[in-house]
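Please treat every number below as a calculation from the coordinates, not as lab data. No experiment lies behind these values; they were computed from the predicted model shown. Every residue, glycine as well, gets a Cβ built from its backbone with ideal geometry; the counts of neighbours run over all protein chains shown.
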Amino acid sequence: MNQTNASGRIALTGVGKIYGAQKVVRDVNVTIEEGEFFSLLGPSGSGKTTTLMMIAGFAETDEGHIRLGDQDISAVPPKERGFGMVFQNYALFPHMSVADNVAFPLKVRKLSAAERRERVQWALETVKLTDFADRSPKQLSGGQQQRVALARAIVYQPRVILMDEPLGALDKNLRFHMQTEIKDIQRRLGMTVIYVTHDQEEAMNMSDRIAIMRDGQIAQLGTPAEVYQHPDSAFVGKFLGEANLLPVTATSATAALRDGATFACRDAGSGVTSEPALLFVRPEKLRLAATPTGLENDVAGRVTRVSYLGSVIRYGLDVLGQEMTADAQNLTGTPAFAEGDSLRVGWAAQDCRLLAPEGDGA
Amino acid sequence: MNQTNASGRIALTGVGKIYGAQKVVRDVNVTIEEGEFFSLLGPSGSGKTTTLMMIAGFAETDEGHIRLGDQDISAVPPKERGFGMVFQNYALFPHMSVADNVAFPLKVRKLSAAERRERVQWALETVKLTDFADRSPKQLSGGQQQRVALARAIVYQPRVILMDEPLGALDKNLRFHMQTEIKDIQRRLGMTVIYVTHDQEEAMNMSDRIAIMRDGQIAQLGTPAEVYQHPDSAFVGKFLGEANLLPVTATSATAALRDGATFACRDAGSGVTSEPALLFVRPEKLRLAATPTGLENDVAGRVTRVSYLGSVIRYGLDVLGQEMTADAQNLTGTPAFAEGDSLRVGWAAQDCRLLAPEGDGA
Amino acid sequence: MTRAPLSLRLVVTIGALLLIAPILIIVIVSFGGDGYLKFPPESLSLQWYDKFFGSSRWWSSLWSSTVIALMASAISTVIGFLGAYVLVRSQSRWRLWLLALALTPMIVPQVITAIAMFYSASQAGLVGSLLWVAICHSVIGLPIVLLILLATLQNIDVTLERAAAGMGYSQARIFATVVVPLALPGVISAALFSFLASFDELIIALFLTGVRTQTLPVRIWNSLLLEVEPTIAAVSTFLVAITVVILMAEWAIRRVGGRQ
Amino acid sequence: MTRAPLSLRLVVTIGALLLIAPILIIVIVSFGGDGYLKFPPESLSLQWYDKFFGSSRWWSSLWSSTVIALMASAISTVIGFLGAYVLVRSQSRWRLWLLALALTPMIVPQVITAIAMFYSASQAGLVGSLLWVAICHSVIGLPIVLLILLATLQNIDVTLERAAAGMGYSQARIFATVVVPLALPGVISAALFSFLASFDELIIALFLTGVRTQTLPVRIWNSLLLEVEPTIAAVSTFLVAITVVILMAEWAIRRVGGRQ
């Protein structure tokens, strides 16, 4: 079947949005490649949805340019951009059946009735809802409604689909399942997807690249593993999951000390040298042992709390007078330590980074 | 300071609730010991909140008896039960300051003004909100409002506090922190807490014992580790976290086979013998290796999907034609396997159980 | 806590019954067999209804009322729909002023509205024109139409319109395929309520209708001044019955619409 | 999408302005310096206001209107508050019927309500009694009071009452310490709106007031029949001004209440 748009590459250069006296989005520069699954991740008010609305054309692009392939679409109205769109509340038309909802975008396109039927059939098959074609959207569960919205977005085979927290209204168990399905469909059809979410696990699970937004700007941009394991700032580190941020004195970009203990870390490239700094390390990277761990970083600690969270046992630790958190997988024989135990806490140099203290921007 | 009630032990015998023709709670029997942190956990509509409302006295106990210590309180009005209560929406009085909210329950009790002030001071100190005494509740964040509600519930030192999804409105990061605080206060004051939640991690983190409810009945009752690791039913297994449920043919209560492979499991006590059964094992208990794992259960598998979730790498596996899920901690060097890799999947006999297939009740 | 005390509920029930007692008395009196207004009636008959339906004067009033109410309802529903759409979708600050303005007919004492409209009409020689009465009545009906349609349109999610625009639909097609079909139950409610508002209105009609265009409430009024006879009770009962029927129709349509 | 088309907005704005044009004309005419109603006036003066405020007949009407409206407002606010509380907290099916019953005065044509009330009053010899007018006006005000207080009480979370009960408070103390303080802005709104409903009401007052107890709208009406002089424009403007002042007070109280 033929494609609606020639290109699926979207480039934002210097994009900004102004509401009254406030810049809610500032200087966003990013090129989303054809066939890429790209997420805008951030807390509420970070500008991620506004950025998506500018790409969709529902909000005016006050500054900079948005290009689709070689064409500047900054001033093109939404109905001419030809993007698919999936909303958090599904935005299904309650007065139409599932099949009519899916056929809706085809009705403004010049297609024969047979071709239209065929496309609707294909879209419903893709989302595994063929049996529900004649139902009303209201008769479906949340997950099924979201699938109808997806079918409606892919039915005219746009090269680009924009999704605004599409799984935000679903409960936890269903969410992971739907993430897998959306990702599979995106791969199979080779679509570009721009995905807005505030759920870091969701973004990491689905995306090729993630832009973490804060105060209208991109705080960091990279693959899931890059941003999770090597954050450039304490904000990104904390936003993507549990993070230990131990206040230390940096002696170089890779070495620090605190209370006589010395630490060796991977270079963060953040320019931290001999200042107060934060030593970043994820809780699951900490190794706990009764005897020295033999890792590059190894300090004495004490267990202050043992939390049973199911798949994970979370230890609260007192390390050099600071609270730290270590996550251990709930394997046979865990928890291995009890409240009050003294132990050694170790981690590899490549698993930690020195970051600028918070409040210093970025 | 003197206590309001003599006892903090609550016993439910044969408790039931009928709405119209429907029994929304049926035959609930449980004794909650003094000083215990007890959770009612279940999906919405499972009867957990209705059960709590009967204990509080806001709903009539249609069947059975509720006892506080030796006294039958089934027909006692709420205002004479003397329980503390914390609601999901905080239920703070918007027309009163924080201090007046906390002092409110003391105003119907015969206390001197000095004693009243002292108690309010103590309660606000306990929840670390002394500086906010003169604020209006509306000026506080969600977490702070919840702390005020907690202070108001403990200020008259009831032996029993009932909590109805108190953290349901808070976001994920704050939630873990508040769980820790509530648990600490409960321990320090030796209160009995009956806690309703639908968040399994929250229930496991805080509770001494958990009752998992389903369709108005207790599906399983036990410590967090018991119910998480040794569920009696597929429902409980799936509700408490990710679960592998491999259809097998049981040959005894501890042995099963599928496609020629034999499995050895811990006795579930569920009476499964030589029937179609489900082999239950948690994703984090699976060991993946290129060569045989040497564990009691060891089968060949293939990686169908690798999901990067941050602290965890989740592998989708094809094992004997069935989908299975394995969670590996995101340690240095992971993911160790890629999509399409063939490998061995092993787990210890003590980490798996044979359960009755779903639909067979319980 | 979930139940109000019995004493309170009793008081409220008795109060509510007292509220409609006078109306019930009129209804009962209208079926009286006596020669004058008497409660309770000594015998029952339909004589006053015969008189009502047999009189061409009453029929012509019913006709005037109906024509005026239909026109007023059409005018205020169309204008109210457009107004409500603009008010719901507009973000600017003046929307509140506009709303306040549109609600003035509900707020200004009706005598004064009537005087103002009469004064304007007499300057333009419009007294006695059915269309002019309908226009004035549509002003009276506008606030209720606006309130109903504001609520209706507010419940139509703007993302539905965005979704359609994203799929390539023009504003006009979105209006036709999404907004109007979804707002239909509210539009019908608004039309029925504005019909009633006009059908039952007295004061403005009293000022603006000529001898030949008297509406039903006006003729009831004039009859009261001339002859106190039970026909008026029959006409009143008829008017109440029509009101009740229209309200029940509205309720039924709303239920069916809600189920869809 | 978030903005309505310019053309639509223009139409709506012009329409809204036309709505209040007649009222504006009356206000302007009331300040005329000519000897008769003339628009636009050739000169400006306060002569008609002088006449209005200098007349003991107008003053006594203002007095009657105020006394009746105060009583009516008190009665309907108290009954409406209790009724709304019962309706909000009650779970049973008859609450809808009760609500429908309480809203009848809003639905039944006012002429007919007036006839019914007059008939009941004349049977009991109550015509001319200020208290009886107030009671009838309180019936007219009840629906609006109910609607305001239902909305107000619905916003008072039942868990607040449960929380207080759980802490050992009796129903009466919960009412005094929680429900009434939280509902206060709504109660004030309801009192003001029911005051206005009575203050501006014409038809029922026309039937029920005696010569000495004529309310302001009734005297405007009677004056219209006797002498068409610009004093009526001045009185009308005064009535509109009072209405606007009360509504602005209501709005101010609501804003302060909302901020608290």
Original post:
For the residues A:351, B:171, what sequence is obtained by ranking on other C-beta atoms within 10 Å, fewest first?
Top reply: B:171, A:351
Original post:
Given label points at 7 Å from Cα along Cα→Cβ, what nm distances, shortest first, separate residue A:247 from the same residue in every other copy?
Top reply: 5.9
Original post:
So which residue of C has the beta-carbon closest to the axis that swings C onto D, and how many whole Å away?
Top reply: C:203, 4
**OP:** Along Cα→Cβ, 7 Å out, is where each label goes; now give me the distance between the ones at residue D:124 and residue D:51 in nm to one decimal.
**Re:** 4.0
Subject >> Integer Hz, Karplus 6.51/-1.76/1.60 couplings in order for the range A:102-114, x for Gly and Pro >> reply: 5, 6, 3, x, 7, 6, 8, 10, 7, 9, 6, 4, 5
Original post:
What ranking do B:122, D:48, C:251 get, fewest neighbouring Cβ atoms within 10 angstrom at the top?
Top reply: C:251, B:122, D:48
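How much of the DSSP beta bridge set in chain B is antiparallel, as a percent to the nearest 5?
Roughly 75 percent of the DSSP beta bridges within chain B come out antiparallel.
So if the hydrodynamic radius of the range C:113-260 is defined as the Kirkwood radius over C-alpha pairs, what does Stokes-Einstein give as its diffusion coefficient at 25 °C and 0.890 mPa s, in µm² per second? Walk me through the numbers before you get to the answer.
Working: Rh = 18.0 Å.
Calculated translational D: 136 µm²/s.
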Original post:
Under a point spin-label approximation (7 Å from Cα along Cα-to-Cβ), what is the residue B:71-residue B:138 distance to one decimal in nm?
Top reply: 3.9
Subject >> Exceeding the 27 Å Cα-Cα cut-off - candidates A:48/A:128; B:48/B:110; B:79/B:110; A:110/A:138; A:17/A:79 >> reply: A:48/A:128; B:48/B:110; A:110/A:138
Original post:
Say a site is exposed when it is one of the GluC sites (Glu not before Pro), sits in a DSSP loop, and has at most 11 other Cβ atoms within 10 Å; what is then the longest site-free stretch of chain D?
Top reply: D:43-226
Original post:
If the cut-off is 20 Å between C-alpha atoms, which aspartates and glutamates fall inside it for residue D:51, apart from same-chain ones fewer than 8 positions away?
Top reply: D:34, D:42, D:227, D:229
Subject >> Equivalent ellipsoid, the range B:287-335 (semi-axes from 5 times Cα gyration tensor eigenvalues, Å) >> reply: 19, 14, 8
Original post:
Taking a quarter of the surface of the convex hull around the Cα atoms of the protein assembly as shown, what do you get in nm²?
Top reply: 58.6
**OP:** Going by C-beta contacts inside 10 Å, put C:208, A:343, D:224, D:131 in order with the fewest on the left.
**Re:** D:131, D:224, A:343, C:208
Subject >> Teacher prompt: residue B:184 distances to equivalent labels in other copies, 7 Å Cα→Cβ, nm >> reply: 4.6
Subject >> Interchain or long-range residues, amide H under 5 Å from residue B:297's placed H >> reply: B:347, B:349
Original post:
For chain A, what's the relative contact order in percent, using C-alpha pairs closer than 8 Å and at least 6 residues apart?
Top reply: 16
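As a check on your grasp of the helix formula, calculate [θ] at 222 nm for chain A: sum -39500 (n - 2.57) over DSSP H runs of n ≥ 4, divide by the residue count, round to the nearest 500. Before the final figure, lay out the partial values.
Working: 8 runs with 79 residues, N = 362.
That calculation yields -6500 deg cm²/dmol at 222 nm.
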Original post:
Taking every DSSP beta bridge that has both residues in the range A:147-285, what percent is antiparallel when rounded to the nearest 5?
Top reply: 75
Original post:
Name the chain A residue with the Cβ nearest the axis that maps A onto B: which is it, and what is the distance in angstrom?
Top reply: A:329, 2
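Just to be sure I follow the definition: excluding the sites themselves, where is the longest run in chain A that has none of the trypsin sites (Lys or Arg not before Pro) in a DSSP loop with at most 12 other Cβ atoms within 10 Å?
Working: sites that count: A:110, A:128.
Between exposed loop sites, the widest span is A:129-362.
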Original post:
What ³J(HN,Hα) values, in whole Hz, does the Karplus curve 6.51 cos²θ - 1.76 cosθ + 1.60 give for the range D:42-49 when θ = phi - 60°, with x put for Gly and Pro?
Top reply: 7, 9, 10, 7, 9, 4, 6, 5
Original post:
With a Cα-only, solvent-free Debye model of the range A:251-350, what are the log10 I(q)/I(0) values at q = 0.25 Å⁻¹?
Top reply: -1.37
Original post:
Can you give me the Cα centroid spacing of the range B:71-124 and the range D:160-221 in angstrom?
Top reply: 32
Subject >> Label geometry 7 Å along the beta-carbon vector: residue C:224 inter-copy distances in nm >> reply: 1.4
Subject >> In nm, spacing of pseudo-spin labels at residue A:18 and residue B:305 (7 Å Cα→C-beta vector) >> reply: 4.6
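Counting only DSSP beta bridges with both residues in the protein assembly as shown, tell me the antiparallel percent, nearest 5. Don't skip to the end; give the middle numbers.
On the way: 120 of 156 bridges.
Counting DSSP beta bridges with both partners in the protein assembly as shown, the antiparallel share is about 75 percent.
At 222 nm, what value in deg cm²/dmol follows for chain C if DSSP H runs of at least 4 each add -39500 (n - 2.57) and the sum is divided by all its residues, to the nearest 500? Intermediate values should be presented prior to the final figure.
Values: 12 runs with 200 residues, N = 260.
Counting only the DSSP helices, I get -25500 deg cm²/dmol.
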Subject >> Exposed-site-free run, longest, chain C (rule: trypsin sites (Lys or Arg not before Pro); DSSP loop; at most 11 other C-beta within 10 Å) >> reply: C:94-211
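Using alpha-carbon pairs under 8 Å, 6+ residues apart, how would you state the relative contact order of the range C:56-259 in percent? Mind dumping the intermediate values first?
Details: 219 pairs, mean separation 70.0, N = 204.
Answer for the range C:56-259 is 34 percent.
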Original post:
Tell me, what HN-Hα J-couplings in whole Hz come from the Karplus equation 6.51 cos²θ - 1.76 cosθ + 1.60 at θ = phi - 60° for each residue of the range A:319-328, using x for Gly and Pro?
Top reply: 10, 6, x, 10, 6, 10, 10, 10, 10, 10
Subject >> Solution diffusion estimate, µm²/s, Stokes-Einstein, the range A:35-189, Kirkwood Rh from C-alpha pairs, 4 °C, viscosity 1.567 mPa s >> reply: 79
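Which whole-number percentage describes the relative contact order of the range B:176-277, with Cα contacts under 8 Å and a sequence gap of 6 or more? Present the calculation step by step, with values, prior to reporting the outcome.
On the way: 115 pairs, mean separation 16.5, N = 102.
Contact order relative to length: 16 percent.
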**OP:** Would you list, by chain and number, the lysines whose Cα falls below 16 Å from the Cα of residue A:172, excluding same-chain residues fewer than 8 positions away?
**Re:** B:172, B:238
Subject >> Gaussian network model of chain B, springs between alpha carbon atoms under 10 Å - residue of B:51, B:31, B:61 with greatest fluctuation >> reply: B:31
